[in-house]
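What follows is a set of notes on a single structure, which appears directly below.
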């Protein structure tokens, strides 16, 4: 990075990516209600290539506690069923030869606590990502100052701006976490 004007926008983009990544990860966490996003991270061995379920089938939610997976290639129905069963979601899919029905049972209290624990781990990993972006931005600012490309005042201003960004994005991560935790614990 060559100047102060480059450091802050690059850092902001990296922090926004961390928030978006967490949002995507949280959408696949089970909350007791059926959602097509529930199966987003499940990969099926499709002729030797790991392929996401949503890239090889139509997903729908006909009722609050059921996800229906209709594969475009009916020969893959067994592989899809096997992949869903092997996932960490604790779901028990059934197929009727044309579609895979995935009933979403209500969450037990113990499973809710496990999901919250998983949620906290995911949020912490993304906080680390935001803090890493801050550290790298601070190092870049210090290097620019050392190389006499910016003044001490500009360095101080840049460090303050990066810290403000960090605080804002950590708060966004925490807000996402609180919302999802409330959703998981709601009976």
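The values are calculated or read from the model by the stated rules, or taken from the named source; none is laboratory data. Every value quoted in this text rests on a predicted model; they were computed, and no experiment measured them. Here Cβ is always computed from backbone atoms with ideal geometry, including for glycine, and neighbour counts include all displayed protein chains.
Scanning the stretch 77-98 for residues that are over 27 Å from the mean Cα position of the chain (by Cα) and buried (at least 16 other Cβ atoms within 10 Å of the Cβ) yields one hit, 95.
Can residue 110 be described as assigned to a helix (DSSP H, G or I) and surrounded by fewer than 16 Cβ atoms within 10 Å (Cβ to Cβ)?
Working: assigned to a helix (DSSP H, G or I): yes; surrounded by fewer than 16 Cβ atoms within 10 Å (Cβ to Cβ): yes.
Taking the combined requirement at face value, the residue satisfies it.
One residue stands out among those in the stretch 139-157 that are assigned to a loop (DSSP other than H, G, I, E, B) and surrounded by fewer than 12 Cβ atoms within 10 Å (Cβ to Cβ): the one that is farthest from the chain's Cα centre (by Cα), which is 148. Checked against the criterion of being under 27 Å from residue 43 (Cα atoms), outside any loop (DSSP other than H, G, I, E, B) and in contact with a helix residue (DSSP H, G or I) (Cβ under 7 Å, 6 or more places away or on another chain), the candidates 170, 184, 77 yield just one match: 184.
Every condition in (1) in a helix (DSSP H, G or I); (2) in contact (Cβ under 8 Å) with a residue 12 or more places away in the chain; (3) in contact with a helix residue (DSSP H, G or I) (Cβ under 9 Å, 6 or more places away or on another chain) holds for residue 89 except the one numbered (1). The conditions of being modelled with pLDDT under 85 and surrounded by 14 or more Cβ atoms within 10 Å (Cβ to Cβ) are met by residue 36.
Please specify each residue of the stretch 1-50 satisfying the condition of being over 30 Å from residue 137 (Cα atoms), assigned to a helix (DSSP H, G or I) and in contact (Cβ under 8 Å) with a residue 12 or more places away in the chain. Explain how you work it out, then say what you get.
Applying the first criterion (over 30 Å from residue 137 (Cα atoms)) to the stretch 1-50 yields 28-50.
So of that shortlist, the ones also assigned to a helix (DSSP H, G or I) come out as 36-39.
Of everything in the stretch 1-50, those that are over 30 Å from residue 137 (Cα atoms), assigned to a helix (DSSP H, G or I) and in contact (Cβ under 8 Å) with a residue 12 or more places away in the chain turn out to be 36, 38, 39.
Residues 124, 136: which one is under 27 Å from residue 15 (Cβ atoms) and exposed (fewer than 13 other Cβ atoms within 10 Å of the Cβ)?
Working: 136 fails: exposed (fewer than 13 other Cβ atoms within 10 Å of the Cβ).
Of 124, 136, the one residue that is under 27 Å from residue 15 (Cβ atoms) and exposed (fewer than 13 other Cβ atoms within 10 Å of the Cβ) is 124.
A single member of 53, 61 is buried (at least 19 other Cβ atoms within 10 Å of the Cβ), at pLDDT 85 or above and under 23 Å from the mean Cα position of the chain (by Cα), and it is 53. From the list 100, 123, the one residue that fits, being within 30 Å of residue 172 (Cα to Cα) and in contact with a helix residue (DSSP H, G or I) (Cβ under 9 Å, 6 or more places away or on another chain), is 123.
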